[in-house]
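None of the figures in this text is laboratory data; all of them are computed from the coordinates on show. Since this is a predicted model, take the numbers as computed values, not measurements. For neighbour counting, all protein chains shown are included, and Cβ atoms are generated from backbone atoms with ideal geometry for every residue, glycine included.
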């Protein structure tokens, strides 16, 4: 029975990736993933929770996407851009709340300011991917890493909205999660967070650059 559940979940995820039968696949993937997380909640961590959030928004958002296989095969009706923007805005606000309170909680303690929490995170099994001797050798950088994480997270709701700093802050967040994935072996967690951030704010950057390019082209003409 478990093998059947995991197979259906994997099939639903594959259909979502290629964009085929998007709505049934999104609903099935969200429901089965939620059931799996709740049935093994003791072993669940941030990756499972954020993946559930992403699948929930994907289940409710307008589907199929204009770049999906389903749209190209059957010429389905293109989603309303206003509805796409609405769900992207909700995801943006959700991420802002998560990062702000995560950063605020870190700032309230002294462990992130003196680097102790970074040391514990990097040396505690099963996240001790790096050699403890190497970490101790570069221990002077631990407070810098801790303070940087606090500033990136607590400043996320401010600088990710400002057009001039959006690309910089998005790059900082992506780099932070990539470093967490490499240093702690949390590859799935890092991948999910990077995907959520890119889905929320990268399209806006692309639209801004496209608008600038069009404006420059019109001025040149």
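This ranking places 138, 169, 3 by how few other beta-carbon atoms lie within 10 Å of each, fewest first, which gives 3, 138, 169. Our summary gives the stretch 48-134 a relative contact order of 14 percent, counting only alpha carbon pairs under 8 angstrom and 6 or more residues apart. With contributions of -39500 (n - 2.57) from each DSSP H run of at least four residues, the per-residue ellipticity at 222 nm computed over the chain stands at -25500 deg cm²/dmol. Were the residues from residue 66 through residue 49 laid out at 0.36 nm apart, the gain over their Cα-Cα distance would be 3.3 nm. Go ahead and run the numbers for FRET between residue 128 and residue 4, Cβ-Cβ distance against an R0 of 35 Å, rounding to 0.05. Once the sixth-power term is evaluated, E becomes 0.45. As a length-normalised measure over Cα pairs under 8 Å and 6 or more apart, the relative contact order of the chain settles at 16 percent. The GNM of the chain, with springs linking C-alpha atoms under 10 angstrom apart, assigns the highest mean-square fluctuation among 175, 200, 44 to 44. The length gained on full extension between residue 161 and residue 202, counted as 0.36 nm times the residue separation minus their Cα-Cα distance, comes to 13.6 nm.
Computed over every Cα-Cα pair of the stretch 1-79 and binned at 5 Å starting from 0, the pair-distance distribution P(r) comes out as 3, 16, 23, 23, 16, 10, 5, 3, 0 percent.
Estimated from the Cβ-Cβ distance and a Förster radius of 22 angstrom, the FRET efficiency linking residue 141 and residue 104 is about 0.40.
With 0.36 nm allotted per residue and the present C-alpha distance subtracted, the residue 120-residue 86 stretch has 8.3 nm of extension available. Inverting the pair-averaged 1/r between distinct Cα atoms of the chain gives 19.8 Å as its Kirkwood hydrodynamic radius.
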